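Have a look at the structure below before the remarks.
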Amino acid sequence: MSLKLRIQDDMKAALRAKDSARLSAIRMLIAAIKQREIDERVELDEAGVMATVEKLVKQRRDAATQYDAGNRPELAAAERFEIEVLSAYLPAALSDAELDAAIDAAIAESGAAGPADMGRVMAPLKARLAGRADMSEVSRRVRARLAS
């Protein structure tokens, strides 16, 4: 079953269960997918849908951080719930050991020697780790590895 169909089925299930919070998060995701399809004039494939989900999760994380900083725990909790709903559509995250192994392999493949080679390492990692790791965390780890 494609990811888009799974999202549609989950929306129908949330409607039947009268789960308004989950329904709202799923409708927001469907709207973002449709908006991207309209903007780009294409039918999104699995990778495109996953990229949209990742973008929305990142936005929710940023918003939750801002709400925490602004002493608005109820809004932060709502954002975290949406993250939980959206994360169900992403593949399982890599463990720290798997992430470090992928970074080491990319550095070895690219022959990177220092921080100036960061782009040569990140390009293949971005394709390989899409949806399975937070790319800002990957970038931070690559930068630290290349600096030493």
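Quick rundown of the values:
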quantity: Candidate set from the range 124-133 (those that are open to solvent by 80 Å² or more (accessible area, probe 1.4 Å) and under 12 Å from residue 94 (Cα atoms)); member that is modelled with the lowest pLDDT; calculated: 132
quantity: Condition met for residue 86 (open to solvent by less than 50 Å² (accessible area, probe 1.4 Å), under 22 Å from residue 137 (Cβ atoms) and touching a residue at least 40 places away in the same chain (Cβ under 8 Å)); calculated: yes
quantity: The range 105-133, residues that are out of contact with any helix residue (DSSP H, G or I) (no Cβ under 8 Å at 6 or more places or on another chain) and not small (Gly, Ala, Ser); calculated: 132
quantity: The range 107-116: number of residues that are within 14 Å of residue 144 (Cβ to Cβ) and either surrounded by 10 or more Cβ atoms within 10 Å (Cβ to Cβ) or basic (Lys, Arg) (or both); calculated: 3
quantity: Those residues of the range 1-53 which are within 21 Å of residue 126 (Cβ to Cβ), out of contact with any Asp or Glu (no Cβ under 9 Å at 6 or more places or on another chain) and touching a residue at least 12 places away in the same chain (Cβ under 8 Å), in sequence order; calculated: 32, 33, 36, 46, 47, 49, 50, 51, 52, 53
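The values are calculated or read from the model by the stated rules, or taken from the named source; none is laboratory data. Given the structure is predicted, the values throughout are model-derived calculations rather than measurements. FYI the Cβ positions are ideal-geometry reconstructions off the backbone, even for glycines, and counts take in every protein chain you see. Accessible surface is based on the protein model in full, side chains and every heavy atom, while ligands, DNA and RNA are left aside. Shrake-Rupley method; radii C 1.70, N 1.55, O 1.52, S 1.80 Å.
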